[in-house]
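Below is one structure, written out as structure tokens; comments come after it.
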Amino acid sequence: MSHYFLPFSFKISSPIFFGMAIFIVSTIMSCQPKSLPTFLETDQNFATVKVSHETTKTEMETIKDSLSKIGIDFDYSGSTFFDDSRLQTLNLAVTLSNGKIGTLTADAVNLQFKYFGFIYNSEKFKIGEIMD
């Protein structure tokens, strides 16, 4: 019968073990896509649009129709969609009635964790990542 001696101890300290377990679980949870429902708010003088990985092709068409009523062209024709019609990649061009144009692109990874779109009012026009 032979005995093996290891140069280190296999004793696991409970606080360290549980601390590492919590860290691993929280890291895995933070990699999950965020809940980011599509958002559209318009009036004659302003528009806010936020899209994400949850946005469907039907919702994009609804946004386009709503914005055209207030003179904003919303061209998402370069975007791609998954088989379930959810947004895969975003390629967007927005043309305002005053002639200002903005474009943006976002890939599938970024769409899972952030909103993209634009905010327009009489004072500003911002297109790109939109904070919650």
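Each residue in region 27-44 was checked for being surrounded by fewer than 10 Cβ atoms within 10 Å (Cβ to Cβ) and either assigned to a loop (DSSP other than H, G, I, E, B) or at pLDDT below 85 (or both), and 8 pass.
Just to verify a result, which residue in region 45-64, among those that are free of Cβ contacts under 8 Å to residues at least 60 places away in the same chain and of a type in the set (Lys, Arg), is most open to solvent (accessible area, probe 1.4 Å)?
Of region 45-64, the ones free of Cβ contacts under 8 Å to residues at least 60 places away in the same chain are 53-64.
Within this subset, residues satisfying the condition of being of a type in the set (Lys, Arg) are 57, 64.
Details: LYS57: 107, LYS64: 64 Å².
Ranking the candidates gives LYS57 first.
For region 65-79, how many residues meet the condition of being buried (at least 16 other Cβ atoms within 10 Å of the Cβ) and not hydrophobic (A, V, I, L, M, F, W, C)? Counting residues in region 65-79 that are buried (at least 16 other Cβ atoms within 10 Å of the Cβ) and not hydrophobic (A, V, I, L, M, F, W, C) gives 3. Out of the residues in region 117-132 that are part of a loop (DSSP other than H, G, I, E, B) and within 16 Å of the chain's Cα centre (by Cα), state the one that is modelled with the lowest pLDDT. For region 117-132, the residue satisfying everything is ASP132.
The values are calculated or read from the model by the stated rules, or taken from the named source; none is laboratory data. Because the structure is a prediction, the values reported are computed rather than measured. Because the Cβ atoms are built from the backbone with ideal geometry, glycine has one as well, and the counts that use them run over all protein chains shown. Surface accessibility is based on the protein's heavy atoms, side chains included, excluding ligands, DNA and RNA. Shrake-Rupley method; radii C 1.70, N 1.55, O 1.52, S 1.80 Å.
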